[in-house]
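S.K.: Have a look at the structure that comes next, please.
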Amino acid sequence: MSRPRRALPPARAPPDVPDSSPVSAPSESYEVTGPLDPAAVAEALAPAFGLHAEAPVRHARTYLDTFDGRLHGPGLTLVHEGGELVLADTAQQTVARERWPRVPKLLLVTDLPAGPLADALAGPVEMRALQPLVRLSSREQLLRVLDGEEKTVVRLRIETPVLEGGARLPTHLHVVPVRGYEKQAAKVLRRLEAALDLTPAAGSIADDAVRAAGGTPGGVSSSPKVPLAADDTAAVAAARVSSRLLEVIEANLPGTLADLDTEYLHDFRVAVRRTRSLQRELRGAFPGDALREARARFKRLQAVTGDTRDLDVYLLDFEDFAAHLPEARRPDLEPLRRLLRRRRAAALRRMRRELRTEETAATLADWRTLLAAMTAGEAGGPDADVPLLTIASARIRTVHRQMVKAGSAIGDDTPAEALHDLRKKGKELRYLLEFFAPLYPAVVIKPLVSSLKALQDTLGRFQDREVQAELVASLAADVHKMDDATSALMAMGLLVEGLHEQQRAARDEFATRFAAFAAPGQGAIVKETFA
Amino acid sequence: MTRVLATYNIKGGVGKTSAAVNLAYLAAREGARTLLWDLDPQGASTYLFRVKPKIKGGGDRLVRGKTDADSQIKGTDHERLDLLPADFSYRHMDLALDAAKRPTTRLDRVLEPLKPDYDFIFLDCPPSISLVSESVFEAADALLVPMIPATLSSRTFAQLRDVVGDTSQVLAFFSMVDGRKRLHREVMAELSAAYPEILTAAIPAAADVERMGVERTVVEEVAARGRAAAAYRELWAEVRARLRP
Ligand SMILES: Nc1ncnc2c1ncn2[C@@H]1O[C@H](COP(=O)(O)OP(=O)(O)OP(=O)(O)O)[C@@H](O)[C@H]1O
Ligand SMILES: [Mg+2]
């Protein structure tokens, strides 16, 4: 997903600021009811401390994050302010900044010039798009608390935020200690708490603002997790998990259609695949006819989104692939990249058309109606009233057994198909474990999932590299027609070789990964837990 | 990567402290996490930042690794700019170093654990040639050398380059320049011709710099629009551009 980098004038000389640990202690924040007068603060602190009030300033700030809150998770804040993007950590210390004249509507890390901000964002944000969450205009005043030498020993920041549209949020008083003056900070805090009407701030101003604007701080999760109990009936449990998955599908549909970043589609597809898995695994919980239709319809949703996703994966991994070529040969792959981009654009158009049909709308609407009926006890299949635990345990046990059997039969000469089939079974088991994790002890689920995940990674790489090698080979004819074809075809030959090599490496890993997954001890635990 | 920059000159009163304080301030203002270690027992930079010149347990224990430097750091009035204060006991630092194993690596060792926290570390040195200065050469990536353009400067510069050797980069600049004095103009022209590596930014002799001591703050806060403030900004830009990658 690399769009062309926008050329920008050099930033206001940000030095190499690496991902940083805060230099000073984190600040305390309080909410204040009503306005806060610096004179009242001065009075509360006198005579032990002096106070220097700087002139109040106005800040227009736009907070940005990804759809799924990737900055919020690790406590980072990205703000656009005064022609700059500024990234701050939990302690409100600036981690990195970059000149950026206008508020970006949509920002990928690859849009940023190489530098500290791009470096600091790359890890948490990856390929997701940063988007404006909320816009605030704040009045801010810095008060410096001074000791007898008129040295600043604590900083106080009074922030009165106003949401775009006029809603006023509670005033915050931030108490920011100065390193090496912790005793003074504690004393200042005690005095302020005694004299002023302060309540510890529940959340950050950004969170308050997002909430006030009707959003959810932390973004929209695509996690399928819902609470489940062992004695839930199969129908109710199936409906609850499916409803959650339907929420994820619907939440990600607009971003998929708008093509904001690759992950809307990815999350959409994962939720569709999970839904299909649930439709299979708990088939007895659903009414037969309705299920038959729904399965065909969800199969279609997965099919019409497949090409775009495959090409996304290819383009996302492109740099990694290219890295296997000698440095001098890498530019030769550009025609291939162009071709992939063109293909993706075409695939996106087809996908959009399909996702905007009546059929898609009906798929989701009818499914929602069915799930509501199941929840209300008005619809269900033959196993509707069976306790969930019974079905879940039986399915996990069975699929695990099938995997152990199938995997044990795989030797060095076994055709690739067998590994692909095992991967499919593995996905099935993975989803079962994810859906029904709340029913079982975490000490069993966790190691099982992690050995399964390691196995699936290897199997995934084994299959993906094969598919990718085939795709490159199949594109040769088209590249042939392009201008810079000769060197591109040679580079593609090297690339296919590299992909096959990676595929072979994955195959070599298989035995070890599988042995860890199918270890006898683990098998015994599975039998006992999912009895 | 952390850069360690030391203001140094064998001679006293040439503008080392003024440069260390103002350049460190500019670095922090730009967004860099910056530390200034005031190595001079006189504590001139510590005084300017209104911090108590006190290291718990004294400089001895600090350079011998017995006191955790991290615990002695003080935040200044300026965001991102911290100070490791001077202590009167630094006047015996030479003896302390002499008594230690591999004395010239001691300062470097004190700084090593602080580096992840800072982008720039400035060392403000007392004027001398001693074990302390040898340790400073070992620890610093670059020496910032203020030179007053007087007749002796030429010799001093050559002498300095002998003392420093190749261990750190030498970034020399003219300090306390009085453009009305013909001697200053001549010495500057001659030296710059002989040593083209001398920086072009020069700090004028200016009352604003002297007033730093009265107001106990950086020149940007004394008179941001003055010639001296502008000269330090220029100097910082040039130093940054010249630092070896
Ligand atoms: N550019 C300047 N114009 C006028 N006065 C200056 C200038 N630079 C420094 N001074 C003054 O000269 C004196 C010495 O300056 P400074 O402390 O910066 O030098 P130093 O080399 O650190 O001295 P020492 O060797 O004593 O540590 C101070 O009183 C300072 O105010
Ligand atoms: Mg000095």
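The values are calculated or read from the model by the stated rules, or taken from the named source; none is laboratory data. All figures in this text were calculated on a predicted structure; none of them were measured in a lab. Note that we place each Cβ from the backbone using ideal geometry, even for glycine, and neighbour counts take in every protein chain shown. Protein only, heavy atoms only, side chains kept; ligands, DNA and RNA dropped before computing areas. Shrake-Rupley method; radii C 1.70, N 1.55, O 1.52, S 1.80 Å.
S.K.: Given a 1.4 Å probe and no ligands, DNA or RNA in the count, how much accessible surface is buried by B and A, both sides, to the nearest 100 Å²? All intermediate terms of the calculation are to be shown ahead of the outcome.
M.R.: Working: alone 11440 and 25630 Å², together 35050 Å².
Between B and A, the summed buried area is about 2000 Å².
S.K.: Each residue of region B:121-137 in order: what ³J(HN,Hα) in whole Hz does its phi give by Karplus 6.51 cos²θ - 1.76 cosθ + 1.60, θ = phi - 60°, with x for Gly and Pro?
M.R.: Working through the residues one at a time gives 10, 9, 10, 9, 9, x, x, 4, 10, 6, 5, 4, 5, 4, 5, 5, 4 Hz.
S.K.: Got a sec? Which residues of region B:16-49 lose 20 Å² or more of accessible surface with every protein chain in place, vs. that chain alone, 1.4 Å probe?
M.R.: Flagged in region B:16-49: B:30, B:31, B:33.
S.K.: Separate question: With unit charges on the beta carbons (Lys and Arg positive, Asp and Glu negative) and the dipole taken about the Cα centre of chain A, which residue among A:367, A:452, A:496 sits farthest to the positive side?
M.R.: It is A:367, whose Cα lies furthest towards the positive end.
S.K.: Report, as an integer, the average count of C-beta atoms from other chains found within 10 Å of each Cβ along B:79-86.
M.R.: Values: counts 9, 5, 1, 5, 2, 1, 1, 0.
Per-residue shielding by partner chains comes out at 3.
S.K.: Using a probe radius of 1.4 Å on heavy atoms only, what accessible surface per residue do you get for region A:28-212? Whole Å² is fine. Could you put the intermediate results ahead of the total?
M.R.: Numbers: 7910 Å² over 185 residues.
Per-residue value: 43 Å².
S.K.: Counting only heavy atoms of the protein chains, get the accessible area per residue of region A:402-531 (1.4 Å probe) and round it to a whole Å² value. Don't skip to the answer; put the middle values down first.
M.R.: On the way: 6560 Å² over 130 residues.
It amounts to 50 Å² per residue over region A:402-531.
S.K.: When DSSP beta bridges are limited to those with both residues in the protein assembly as shown, what percentage is antiparallel, rounded to the nearest 5? Before the final figure, lay out each step's value.
M.R.: On the way: 56 of 80 bridges.
The antiparallel fraction comes to roughly 70 percent.
S.K.: Suppose a student asked you for the relative contact order of chain A, using Cα pairs under 8 Å spaced at least 6 residues apart; what percent would you report?
M.R.: Relative contact order here is 13 percent.
S.K.: Also, quick follow-up: Which value, in debye to the nearest 20, describes the size of the charge dipole of the protein assembly as shown about its Cα centre when Lys and Arg Cβ atoms bear +1, Asp and Glu Cβ atoms bear -1, and nothing else is charged? Please list the in-between numbers first.
M.R.: Values: 106 positive and 105 negative charges, 120 e Å.
Result for the protein assembly as shown is approximately 580 debye, rounded to the nearest 20.
S.K.: Students often check this: by mean Cβ neighbours within 10 Å, which of B:51-61, A:126-136, A:313-323 ranks highest, and how do the rest follow?
M.R.: Peptide ranking by packing, descending: A:126-136, B:51-61, A:313-323.
S.K.: Another question, if that's okay. What's the magnitude of the charge dipole for chain B around its Cα centre, counting Lys and Arg as +1 and Asp and Glu as -1 at the beta-carbon? Answer in Debye, nearest 20.
M.R.: My answer is approximately 240 debye.
S.K.: If you roll a 1.4 angstrom probe over the protein chains with everything in place, what fraction of the accessible area of the protein assembly as shown belongs to carbon and sulfur, to the nearest %?
M.R.: 53
S.K.: A further question follows. Run the numbers on region A:136-163: which residues show a drop of 40 Å² or more in accessible area, chain on its own versus all protein chains together, using a 1.4 Å probe over heavy atoms?
M.R.: With the partner chains in place, region A:136-163 has these residues losing at least 40 Å²: A:149, A:151, A:155.
S.K.: Using the crude model of +1 on Lys and Arg Cβ and -1 on Asp and Glu Cβ, and no other charge, please compute the dipole size for region A:139-199 relative to its Cα centre, in debye to 20.
M.R.: It works out to roughly 140 debye.
S.K.: Averaging the inverse of every distinct alpha carbon separation and then flipping it gives the Kirkwood radius. What is it for the protein assembly as shown, in angstrom units?
M.R.: With all distinct Cα pairs of the protein assembly as shown included, I get 31.3 Å.
S.K.: Here's a follow-up. How large is the accessible surface per residue of chain B, computed with a 1.4 Å probe and reported in Å² as a whole number?
M.R.: It amounts to 43 Å² per residue over chain B.
S.K.: May I ask you to find the residues of region B:90-135 that are shielded by at least 30 Å² of accessible area once the whole protein assembly is considered instead of their isolated chain (probe 1.4 Å)?
M.R.: B:117, B:119
S.K.: Divide by every residue of chain A the summed helix terms, -39500 (n - 2.57) for each DSSP H run of at least 4, and state the resulting mean residue ellipticity at 222 nm, rounded to the nearest 500 deg cm²/dmol.
M.R.: Taken over chain A, the calculation gives -18000 deg cm²/dmol.
S.K.: Follow-up question, since we're still on this one. Pick from B:122, B:174, B:88 the residue whose mean-square fluctuation is largest in a GNM of chain B, springs joining Cα atoms under 10 Å.
M.R.: Of B:122, B:174, B:88, the most mobile in the Gaussian network model is B:88.
S.K.: Here's another thing I want to ask about it. Too long at a 31 Å Cα-Cα cut-off: which of A:151/B:101; B:52/B:181; A:424/A:481; A:183/B:101; A:405/A:446; A:225/B:115?
M.R.: A:151/B:101; B:52/B:181; A:424/A:481; A:183/B:101; A:225/B:115, as the Cα separations exceed 31 Å there.
S.K.: Taking the Cα centroid of region A:204-246 and of region A:69-123, what is the distance between the two, rounded to the nearest whole Å?
M.R.: Region A:204-246 and region A:69-123 have Cα centres separated by 28 Å.
S.K.: Compare B:131, B:171, B:23 in a GNM of chain B, Cα atoms joined below 10 Å, and give the one with the largest fluctuation.
M.R.: Result: B:131 has the largest fluctuation of those listed.
S.K.: Pick from B:229, B:86, B:189: which is most flexible by mean-square fluctuation in a GNM of chain B where alpha carbon atoms under 10 Å apart are linked?
M.R.: B:189
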